[in-house]
Every structure is written in structure tokens, then in C-alpha cells.
Amino acid sequence: MTEEAARRMGAAGRVGWRAGPASLEGLVWLARVGPASVEAWGCAMGWSRSVAFSHAQRLEREGWLARYPMLRGHGSLLVAKSSGVRMAGVAVSPARPPAPTWWAHLHACGWVAAWLTVRGRVMQGCREVDEDPSWRGNIRWHDGKGAHRAGHRPDLAVILDGVRFGIEVELARKSLERLTAIVGLHARWRAAGQTAGVIYVCADEAGAARVRDIARQRGLSTGRGGGLRIELLQNIEREARAARRPQAA
């Protein structure tokens with residue numbers, strides 16, 4: 001919890017608001033990460049599903065959290081509202097309401113953040129990466145539709161052994177040319193000493209093989225010191241649940 005968040009939490013307690021320090025700690029995590037499922041959030045905070053729902057309800061009552069239902073049977077995405085980000089004292093802009101086309105990606109990013117959290121990693125959440133100018137890059141590619149140019153940032157970032165890695169959550173199948181441009185950006189960052197490489201989180205083995213082949217062409221590999229690590233999303237979720245940190249409600 002940030003010092004500013006703790007100060008505000010003390011003020012909240014004095015006027016009788018019901019969200020306590022544990023709820024606010026969860027709010028800080030959501031402000032840093034962006035939209036996340038109840039299960040991923042609870043896993044990161046060490047809460048059972050019922051306890052996570054209880055904290056979500058408390059934060060909703062205060063007007064600090066919004067809940068966006070996904071498809072029936074897939075739960076909801078929790079988002080720290082503008083007032084919640086201010087209450088948390090995190091220097092990020094609030095996440096936008098999640099559009100259906102981004103549900104799967106945001107759900108996956110939340111699980112990656114939970115996986116990093118329960119493993120005790122020093123993480124930059126999605127909202128923090130978005131605010132960090134050192135993660136701004138530019139990519140160019142050419143395909144059947146012509147020449148393209150765009151800005152690019154990784155989805156998350158992590159510091160391992162004192163060096164940082166960008167994290168890309170690769171679920172939808174990008175064009176070969178665009179994916180090559182993004183991998184090339186990470187290769188340039190690594191060559192310049194800005195990062196130690198990139199971690200790709202893929203939906204399946206086919207996607208992982210595609211990334212591995214493109215990365216090899218750009219001088220990145222999954223060997224020791226090769227600058228590339230690939231994880232499957234299903235393994236991320238399983239390992240996050242297994243490493244859940246038990247905490248008091």
C-alpha cells in the first residue's frame with residue numbers, strides 16, 4: 001500500500017467508511033494492473049473467491065470500483081474507477097471500461113499480474129507500463145494492405161535479477177509482419193541495454209512456436225541469456241493458483 005493510500009485509508013476509517021486496509025490494498029493492485037477477473041484478483045491478494053467478492057462489494061459501495069460482466073458463465077472484470085485510482089494514490093490514469101473485443105486479453109493480463117504477484121516479483125502493471133515513457137517504442141511493417149507505422153508498449157513488465165523484461169500477452173493471431181516488428185523492437189531494446197529481453201505469454205503451443213521462430217530471426221532465443229522466455233497462459237493460471245499467498249480477510 002502506498003503512503004498516500006494509507007493516509008487516505010486512515011481518513012476513511014475516521015468517517016466510518018467500511019472498506020478497510022485489505023480492501024484498499026486490493027484497490028491499489030487493480031489501479032496498477034487495470035481490469036482483472038475476481039478470481040485473478042483474489043489469487044493475487046491471497047483471498048478465497050467469497051472473500052474477494054466481499055472486498056469488491058465494499059469498494060463498489062464506496063464508488064471506487066466498477067464491475068463489468070463478461071459472457072454468461074465467464075464472470076466479471078473489476079476496474080478501479082477514477083475515484084478509486086485517486087483513493088489508491090497510484091500515479092496512473094484509470095482504465096477505460098473494457099470493450100468485449102478486449103475481454104480475453106484483459107482477463108489474461110490480470111492472470112499474468114497475479115502470477116507475478118504471488119511469486120513475489122517486482123512488477124509494473126499494465127497501467128504503470130502505459131504511463132512509463134521508457135516503454136514507448138515505434139514499429140513499422142509492410143503487408144498486403146500497405147505500409148504501417150504505430151506506437152507500441154508491452155502489456156506488463158517485470159524485474160528479474162536486477163534487470164527488466166517486457167511482457168507480451170499474445171492470444172490473438174497478429175499478422176506475421178506486425179508480430180515480427182514487435183519482436184524486433186524487443187530485440188533492439190535488448191541490444192541497447194534497455195532491457196534483458198521479453199517474456200511472451202501465448203494461448204497455445206502453436207502460438208509459442210510462431211513467436212519462437214520469429215524471435216530466432218531477430219537474434220532472440222529461449223536458451224540461457226537468449227533474451228526470450230515463453231509461457232503458456234494455462235500454465236500461468238495453474239501456477240498462480242498453486243502459489244496463492246494466504247492472507248487474512
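The values are calculated or read from the model by the stated rules, or taken from the named source; none is laboratory data. Fair warning: this is a prediction, and the values are worked out from it, not measured in the lab. Using ideal geometry, Cβ is built from the backbone for each residue, glycine included, and neighbour counts are taken over all protein chains shown. Side chains included, ligands, DNA and RNA excluded: accessible areas come from the protein's heavy atoms. Shrake-Rupley method; radii C 1.70, N 1.55, O 1.52, S 1.80 Å.
Below, the figures for the structure above:
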quantity	calculated
Hits in the range 56-85 - residues which are of a type outside the set (F, W, Y), under 20 Å from the mean Cα position of the chain (by Cα), buried (at least 16 other Cβ atoms within 10 Å of the Cβ) and at pLDDT 95 or above	A56, L65, A66, L77, L78, V79, A80, K81, G84, V85
Output for the range 129-148, where each listed residue is among the small types (G, A, S) and either in contact with a Phe, Trp or Tyr (Cβ under 7 Å, 6 or more places away or on another chain) or in a strand (DSSP E or B) (or both)	G137, G146, A147
Test: residue in the range 237-244 that is free of Cβ contacts under 8 Å to residues at least 24 places away in the same chain and surrounded by fewer than 14 Cβ atoms within 10 Å (Cβ to Cβ)	yes
Tabulated pairs, the range 20-49, first part of a helix (DSSP H, G or I), second surrounded by 23 or more Cβ atoms within 10 Å (Cβ to Cβ) and among the polar types (S, T, N, Q), C-beta under 6 angstrom, 6+ apart or interchain	A44/T117
Flag if G110 is assigned to a helix (DSSP H, G or I), open to solvent by less than 20 Å² (accessible area, probe 1.4 Å) and over 18 Å from L156 (Cβ atoms)	no
Candidate set: the range 223-236, residues that are outside any helix (DSSP H, G or I) and either more than 11 Å from V112 (Cα to Cα) or of a type in the set (V, I, T) (or both); chosen: the one most open to solvent (accessible area, probe 1.4 Å)	R224
